[in-house]
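Asker: The structure's right below; bear with me while I get my questions together.
The values are calculated or read from the model by the stated rules, or taken from the named source; none is laboratory data. Remember, predicted model here, so these are calculated numbers, not experimental data.
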Amino acid sequence: MAKQVKEKPENLNGNNTDVTSKIDAIKELIFGENIQAYDSEFEAVKRDILSKKKDLENLIDDVKSELIQSIDSLSTDLNIRITDLEDSMNEKIETLDQKKVNRKLLGDLFIKLGEKIGE
């Protein structure tokens, strides 16, 4: 049941009246203490939320930097291990090359050995 209040340019004394300020005064009389309590609670909740938001942002930044550092460390460790594996494989390949005998050469040697035995 909202009534529209029309503003009158002048009251009986001839002064301009501000209907909005009267309504605000009435609201303040009726709900004043409650509204102020709600406003202070809302402000406290707002400050708390902003504080928690800032804390979470700081925590996210810390975790992000730790993750980047861990990834860099892991990358360096993987590169070292890959290099070690490459070196180890190269050494084993060289060892195999030195131990391995050419089959054709070995076959030729056996033929010559067989010929010498047959003489």
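Asker: Restricting to region 31-67, what's the tally of residues that are among the polar types (S, T, N, Q) and more than 29 Å from the chain's Cα centre (by Cα)?
Answerer: 3
Asker: Name the single residue, out of those in region 103-112 being among the hydrophobic types (A, V, I, L, M, F, W, C) and modelled with pLDDT under 85, that is farthest from the chain's Cα centre (by Cα).
Answerer: Once the filter is applied, the top-ranked residue is Leu109.
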